[in-house]
Amino acid sequence: MTDSLLAFFTVIDNQCGVIVKEAPKFDLDLYIQSYRGRTRFDRLLLIGRSSVPLCVDALKAAVAEAKRGRDPQRYREAVECLRIAAPSEPEASFDKAWLENTETANQNETRRLTAELKGYKNNLIKESIRMGNEDLGKHYESIGDLNAAAEAYSKMRPDVSTSKQIIDVGRHLVSVALQRREWGMITSHLSKMPTGANSDEYEHLQPYIKIVTGLSMLGQERFLEAAMSFLAVDVNISSTNYNEVASPSDVAVYGGLLALATMDRAGLQQKVLEAADFRQFLEHAPHIRRAVAQFVNGRYSACISTLEAYRADYLLDIHLQKHIPKVYAQIRSKCIVQYMIPFSCVSLGTLEAAFSNPAQSIEEELFAMIRSGTLQARINAIDKLVTTVATNPRVKLQSTALATAQSYEKQAIDRLRRMSLAAADLELKGQRKTNTSFSGLGGAGDIIYDEATMV
């Protein structure tokens with residue numbers, strides 16, 4: 001590592017950034033070709049700020065990508081990073097002429113669009129007002145003023161008149177919320193979009209909605225809901241409908257990893273390996289399919305090794321980077337728990353050989369799992385053994401049977417009481433409230449009365 005790179009990553013480390021020293025398995029040019037729109041720059045800049053082997057190439061590509069757009073701030077950010085990491089590169093010097101021309105053009109375009117919108121409002125033409133706000137919002141988004149873009153897009157709502165226009169407003173607002181990492185707002189905007197599940201007009205929307213819903217759930221660390229969204233993406237719709245957000249390979253990785261972290265063996269078999277649509281996505285990420293199959297077949301150490309081989313790739317993903325430590329920890333915990341199910345006692349040496357982790361000893365990991373309740377076991381520090389704590393099936397069966405009998409007895413007494421009241425032609429009057437304990441009576445016992453008086 002050169003002195004300039006060392007200085008750059010020292011700054012990143014001081015900012016608590018993620019630094020990946022291993023080379024990823026993907027080719028940078030082929031990787032970035034899978035995307036379009038503003039996410040291309042975001043991904044290139046993240047790779048440049050995180051990957052030691054790809055730092056200079058990614059930052060140079062980010063500078064070129066910024067110059068193809070109209071956002072001066074993005075250009076300044078990329079050049080500033082490259083100036084520290086590789087000051088000798090030609091792209092590391094600011095192109096002042098481009099900056100001045102771009103800023104002047106942006107200001108002129110803002111004035112023009114604002115004046116046009118004002119004229120539309122004076123003429124009171126709703127369709128023109130809607131299109132004026134949309135053009136202004138797209139302009140603000142392209143120059144990086146996301147707050148103004150969100151405001152302009154929101155002003156389109158009163159003037160929309162068709163389902164397609166409602167969808168366009170929703171997609172614009174979702175795009176801005178995704179860039180601002182406002183995960184809750186994404187769900188809110190999606191709920192206002194018409195779905196029309198049985199209409200061909202909305203069929204192309206299904207992958208986009210599922211993917212951005214999954215990203216929203218992932219951002220909120222609701223991994224199971226995120227996995228279900230990614231697993232439900234329709235593979236028959238072209239990726240051009242959603243590649244400003246994610247690629248087909250991303251869908252496979254996000255869905256497979258999160259499913260592996262949250263689902264049991266039966267769920268993985270049914271919803272990942274045997275799902276016709278998602279199986280085609282897995283062709284873009286065969287290592288994910290291999291890892292899931294290894295877990296389902298009980299080859300837990302092989303599953304972890306497969307995932308560890310691609311950790312560097314996932315740490316360079318704009319949406320996964322933040323969550324990889326937690327997702328990997330959940331997968332490791334699941335593997336250890338499943339590994340110990342057939343045994344009543346396992347030696348620490350055996351576990352260390354199967355689940356060796358250079359960053360943490362297996363004993364410390366087991367302590368953490370036992371404290372959190374993930375693993376029901378005891379550790380014999382003297383004999384270096386881990387003994388599973390099995391529940392007494394006889395006691396569990398007796399407790400369940402007793403609870404069922406008590407519930408049945410209570411329901412029988414309540415029914416007999418109501419039958420007796422009906423036979424005696426008595427009527428109950430009193431404060432009315434809902435009672436859930438009579439839910440099995442087919443509606444006859446949905447209401448009871450407190451402080452009742454018989455007439």
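Taken about its Cα centre, the chain carries a charge dipole of about 860 debye when Lys and Arg each add +1 at the Cβ and Asp and Glu each add -1 at the Cβ. For region 343-407, the relative contact order comes to 33 percent (Cα pairs under 8 Å, sequence separation of at least 6). The Rg/Rh ratio for the chain, using Cα coordinates for both the radius of gyration and the Kirkwood hydrodynamic radius, is 1.10.
Once the Cβ-Cβ distance of Asp3 and Lys121 is raised to the sixth power relative to R0 = 56 Å, the FRET efficiency obtained is 0.45. Once you reduce region 314-374 and region 275-296 to the center of their Cα atoms, the two points are 22 Å from each other. For region 195-341, the relative contact order works out to 20 percent when only alpha carbon pairs closer than 8 Å and six or more residues apart are counted.
Projecting the Cα atoms of Thr306, Val395, Met419 onto the dipole axis of the chain, where Lys and Arg carry +1 and Asp and Glu carry -1 at the beta carbon, places Met419 farthest toward the positive end. Segment Lys322..Lys396, full-extension length gain: 22.6 nm, with 0.36 nm per residue of separation and the alpha-carbon distance subtracted. Taking amide H positions as modeled 1.01 Å from N, with prolines and chain starts lacking one, the residues under 5 Å from Ala377 and 5 or more places away or on another chain are Val389. In this structure, the amide hydrogen of Val20, modeled 1.01 Å from its nitrogen in the peptide plane, lies closer than 5 angstrom to those of Ser51, Val52, counting only residues at least 5 positions away or on a different chain. Extension gain for the segment Arg68 to Ser301, taken as residue separation times 0.36 nm less the Cα-Cα distance, is 79.3 nm to one decimal.
Expected output is a single nm value to one decimal: the length gained when fully extending between Thr10 and Glu364, i.e. 0.36 nm times separation in residues minus the C-alpha distance. What is it? It would help to have the intermediate numbers written out before the result.
Details: separation 354, 0.36 × 354 = 127.44 nm, distance 2.99 nm.
Extra length from Thr10 to Glu364 when fully extended: 124.4 nm.
Ligands, DNA and RNA left out, the accessible area of the chain computed with a 1.4 Å probe is 52% carbon and sulfur.
Taken one residue at a time, the phi angles of region 322-329 give Karplus couplings (6.51, -1.76, 1.60, θ = phi - 60°) of 5, 9, 4, x, 6, 5, 5, 5 Hz. Gly and Pro are set to x. Label-to-label distance for Gln376 and Thr350 is 2.0 nm, based on points extended 7 Å past Cα in the beta-carbon direction. If R0 is 22 Å, the Cβ-Cβ spacing of Ser188 and Leu224 corresponds to a FRET efficiency of close to 0.60. A simple spin-label model places the labels of Lys384 and Arg112 7.6 nm from each other, with each point 7 Å out along Cα-to-Cβ. Extending 7 Å from Cα along the Cβ direction at Arg36 and again at Ala403 yields two label points whose distance is 5.5 nm.
For Leu385, the residues whose modelled amide H falls within less than 5 Å of its own, excluding neighbours fewer than 5 places apart on the same chain, are Leu348, Asn380. Here's the list of aspartates and glutamates a cross-link from Lys192 could span, going by alpha-carbon distance under 12 Å and ignoring same-chain residues fewer than 8 apart: Asp168. Can you give the calculated 222 nm mean residue ellipticity of the chain, where each DSSP H run of n ≥ 4 adds -39,500 (n - 2.57) and the sum is split over every residue, rounded to the nearest 500 deg cm²/dmol? Per the formula, -19000 deg cm²/dmol.
Between the DSSP loop rule and a limit of at most 16 other Cβ atoms within 10 Å, which GluC sites (Glu not before Pro) in region 243-349 are left? Write out the running numbers ahead of the final one.
Numbers: sites: Glu244, Glu274, Glu283, Glu308; in loops: Glu244, Glu274.
Hits after loop and neighbour filter: Glu244, Glu274.
Just list whichever of Lys121/Lys164; Lys210/Lys322; Lys96/Lys121; Lys164/Lys210; Lys21/Lys60; Lys96/Lys138 have alpha carbons separated by over 29 Å in the model shown.
Values: Lys121/Lys164 22 Å; Lys210/Lys322 21 Å; Lys96/Lys121 37 Å; Lys164/Lys210 18 Å; Lys21/Lys60 19 Å; Lys96/Lys138 25 Å.
Check vs 29 Å cut-off fails for Lys96/Lys121.
The values are calculated or read from the model by the stated rules, or taken from the named source; none is laboratory data. Please read these numbers as outputs of a predicted model, since none were measured by experiment. Neighbour counts run over all protein chains shown; Cβ positions are idealised from the backbone, glycine included. When the accessible area is computed, the model is the full protein with side chains, heavy atoms only, and any ligands, DNA or RNA have been set aside. Shrake-Rupley method; radii C 1.70, N 1.55, O 1.52, S 1.80 Å.
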